[in-house]
Amino acid sequence: MSKIFDLFIIGGGINGAGIARDAAGRGLSVCLADKGEIGGATSSWSTKLVHGGLRYLENYEFKLVRESLKEREIVYKIAKHISKPIPFIIPYADKIRPAWLIKFGLFLYDNLGGKSNIPKSKKFDLTKKYSNILKEKYKTGFQYFDIQIDDKKLTKLNAQDAKRNNAKILEYNKVKKAEIINNEWVISLQNGKKIKSKVLINASGPWINETLNKNIKIKSKKKIRLVKGSHIITKKLYKENVAFTFQNTDKRIIFVLPYKGKFSLIGTTEVEVKSPENKGISKKEISYLINSVNNYLKKQIRTKDIVDTYSGIRPLIEDFNSASKVTRDYVFDLKIIKKLPLLNIYGGKLTTYRKLSEKVLVDLKRFLPKTKKGPWTHKKKLF
């Protein structure tokens, strides 16, 4: 236990892996531990998209959408081998959102992030294309582009690059306890080892408050809402390489995407849960997704068409809105405990992980005088 790390990170999801990569590349000594596999929980249960978050505009989250669009460009540039632009079609349903609102939203979406290599949006005549997929009543649509990505691979590539820069990555090794002894963080691991660190980062996703309360023994003042997002996977519903954004009468949206060549991915739901432990998809969620898709597609799907499902628990900051309106932005809670920093990371989304990692190192700069260089992950490709 002689070595003292600059940073110890609890949690090997996309945020933890991204911070480890960025910090290690700046010459800092980093140790990360996860109770399971790197990228094995929430970060592998997303809709597999790097996107600006078109629907967040309705909640006036312009700052989040702008940052997400800028990051969409960067993540695509550094991870092209595991990502690709894909067109999304929004069939126009006049009783849900007016056409002018969709046009205005897409105009903002095209321009908020600045210059982009990703194609702009446009109005679409659905009778000339995709009429074999969609019901006849949908004659007009709107097309925009986002990036489809392998979320778990993205997390693992960040962890691997951190290891190349001498970070210590510990999988299947739960943090049992973190305490301050002799002016150092001492972290006790499941394998019996103890690790010393100057800075402690809690990036444990939906387990953040549980980790804080039970393992670090500090009561959290920030409340989170745990929201389950579930997906179903069916055999390929159509041949075309296009995704659809379906609007529901509850104002939520459902994506249908081509998936792994032979399948279609459909999601996601938003169901509040009390525990971060994943219980999987419910019958009610399956019905919701099937009904949403069947409102639009000529080819109707049934429960028997489902070949697989997965669910992810997202930790969202409590702001007393409905689940669909709770912000997807991230919040840092920096505590100084006996002169030592503890940074708790709340919220966040796959798209903004890299920028979040940069901001972590800005906020911790005064505690890490050995930092050798500034931001670098925006131009170094992941491999």
Suppose each label sits 7 Å from its Cα in the direction of the beta carbon; what would the Glu136-Tyr172 distance come out to in nanometres?
5.8
Report the full-extension gain for the segment Lys373 to Glu37: residue separation times 0.36 nm, less the Cα-Cα distance, to one decimal in nm.
118.0 nm
Count, lysine Cα pairs under 29 Å in the stretch 200-271, 8 or more residues apart or across chains:
21
Contact order relative to length for the stretch 119-249, counting C-alpha pairs under 8 Å separated by 6 or more residues, stands in percent at 12
If each part is reduced to its alpha-carbon centroid, the stretch 38-66 and the stretch 137-195 end up apart, in Å, by 17
Measure of size requested: the Rg and Dmax of the stretch 1-85, with Cα atoms as the atom set and Å as the unit; please supply both.
15.8, 52
Running Debye on the stretch 19-170 with equal point scatterers at the Cα sites and no solvent, what base-10 log of I(q)/I(0) appears at q = 0.11, 0.16, 0.18, 0.20 Å⁻¹?
-0.56, -0.96, -1.10, -1.24
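Arranged by the count of other C-beta atoms within 10 angstrom, fewest first, what order do Ile317, Ile224, Ile181, Ile266 take?
Arranged by neighbour count, lowest to highest, Ile317, Ile224, Ile181, Ile266 become Ile181, Ile317, Ile224, Ile266.
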Let me check against my output: what whole-number percent is the relative contact order of the stretch 239-311, with C-alpha pairs under 8 Å and at least 6 apart?
24
So how many Å³ per residue does the convex hull of the Cα atoms of the stretch 227-383 work out to?
166
From the cross-link list Lys3/Lys168; Lys153/Lys381; Lys120/Lys153; Lys139/Lys298; Lys168/Lys355, the entries with a Cα-Cα span beyond 18 Å are Lys120/Lys153; Lys168/Lys355
Go ahead and run the numbers for FRET between Ser282 and Lys260, Cβ-Cβ distance against an R0 of 25 Å, rounding to 0.05.
0.55
Assuming a ≥ b ≥ c are the square roots of the Cα gyration tensor eigenvalues, decide whether the stretch 233-276 counts as rounded (a/c under 1.5), prolate (otherwise, with a/b larger than b/c) or oblate.
oblate
What number, rounded to the nearest 500 deg cm²/dmol, is the helix-based mean residue ellipticity at 222 nm of the chain, given -39500 (n - 2.57) per DSSP H run of at least four residues and division by all its residues?
-6500 deg cm²/dmol
Separation in nanometres of the label points that stand 7 Å from Cα toward Cβ, at Lys235 and Lys128:
3.3
Among the stretch 149-171, those whose backbone N falls under 13 Å of a label point 7 Å along Cα→Cβ from Glu210 are none
Take the chain, connect every pair of alpha-carbon atoms lying under 10 Å apart with a spring to form a Gaussian network, then pick out the residue of Gly280, Gly114, Gly347 with the largest mean-square fluctuation.
Gly114
Give the relative contact order (percent, whole number) for the chain; include only Cα pairs under 8 Å separated by 6+ residues.
25
With 10 Å bins from zero, work out the P(r) of the stretch 105-243 over every alpha carbon pair and list the percent per bin.
8, 21, 24, 19, 16, 9, 2, 0
Using the Karplus curve 6.51 cos²θ - 1.76 cosθ + 1.60 with θ = phi - 60°, what ³J(HN,Hα) values do you get for each residue of the stretch 33-48, in whole Hz, with x for Gly and Pro?
10, 10, 6, x, 8, 4, x, x, 10, 3, 6, 10, 10, 8, 8, 6
Taking a ≥ b ≥ c as the square roots of the Cα gyration tensor eigenvalues, with a/c under 1.5 meaning rounded and otherwise prolate when a/b beats b/c or oblate if not, the stretch 164-310 comes out prolate
Quick one: Debye curve from the C-alpha atoms of the stretch 106-147, no solvent, what's log10 I(q)/I(0) at q = 0.14, 0.34, 0.35 Å⁻¹?
-0.41, -1.16, -1.21
Just to confirm a number: summing +1 for Lys and Arg and -1 for Asp and Glu over residues other than Pro98 whose beta-carbon lies under 13 angstrom from that of Pro98, what do you get?
+2
Ranking Arg72, Arg164, Arg366 by Cβ neighbours within 10 Å, fewest first, what do you get?
Arg366, Arg164, Arg72
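At 25 °C and 0.890 mPa s, what whole-number value in µm²/s does Stokes-Einstein give for the translational diffusion of the stretch 79-144, with Rh from the Kirkwood sum over Cα pairs?
Estimated via Stokes-Einstein, D reaches 185 µm²/s.
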Considering just Cα atoms, how many Å³ per residue does the convex hull of the stretch 37-126 enclose?
133
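Values quoted throughout were computed directly from the atomic coordinates according to the rules given, and no laboratory measurement underlies them. In this text, all values refer to a predicted model and were calculated from it rather than measured experimentally. All Cβ positions, glycine included, derive from the backbone under ideal geometry; neighbour counts span all protein chains shown.
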